Amino acid sequence: MDTQFAAWERWVLVGAAVLAGLVLLLRLLEILRDRRRRRARIGAARVRATQSMPLQTGAHPPQAGQRWPDASQQMPDAGMYENPHPQLRIQYTDIYGQASEKVIAVERLDLYRQVVIFRGTEREDLRTLPLGRISLAREAASGQRFSMGLWVEQMRRQARSRGEDGGSAAAPS
């Protein structure tokens, strides 16, 4: 009894191995292409974020010959964003997916984890909330709209000026 492959069986085995190799190669190329696209999207988002944009959500587009205010210029309410411990009324999505509203006193902003650590109404009510779940923020005292993105960017600048790596932004108490 002959235990060796016949010629046609050998070619079928070689063809299957080549086909498996091609499938693996195409999958690896697809993964590399997705990584490249993701890096390009992140780079484009960083470029858009560094361009000067209006600091207020209700700002009108510039007229002909005007420009958006430069990010280095002081806006009338820019002092509001320099406070590392603002008291805010936020609308957010809770862990159950329900829209909720709460008045909070920010204890710390963790730039590395992208979370706000805050105290609620009770002193022992210390909680953590991801920045992405906050849909609207207003100053608790005045009711004026509060831009979380602008505040986070201001805290990043302050952390850089203090020489921190951006892990946590909190002023000394």
Next item on the list: In nm, give the distance between the simple-model label positions of GLU30 and GLN114, each being 7 Å from the Cα along the Cα-to-Cβ direction.
Entry: 2.6 nm
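Can you tell me how much longer the chain between ARG89 and LEU19 gets when fully stretched, taken as 0.36 nm per residue apart minus their C-alpha distance, in nm with one decimal? Don't skip to the answer; put the middle values down first.
Working: separation 70, 0.36 × 70 = 25.20 nm, distance 5.97 nm.
Net length gain for the segment: 19.2 nm.
Loop-only check: which trypsin sites (Lys or Arg not before Pro) in the stretch 107-156 are DSSP coil with at most 10 other Cβ within 10 angstrom? Don't skip to the end; give the middle numbers.
Values: sites: ARG108, ARG113, ARG119, ARG123, ARG127, ARG133, ARG138, ARG145, ARG156; in loops: ARG113, ARG123.
When the trypsin sites (Lys or Arg not before Pro) of the stretch 107-156 are filtered for loop state and at most 10 Cβ neighbours within 10 Å, ARG123 remain.
Bear in mind that the values in this text are calculations on the coordinates, not laboratory data. None of these values were measured; they are calculated from a predicted model. Because the Cβ atoms are built from the backbone with ideal geometry, glycine has one as well, and the counts that use them run over all protein chains shown.
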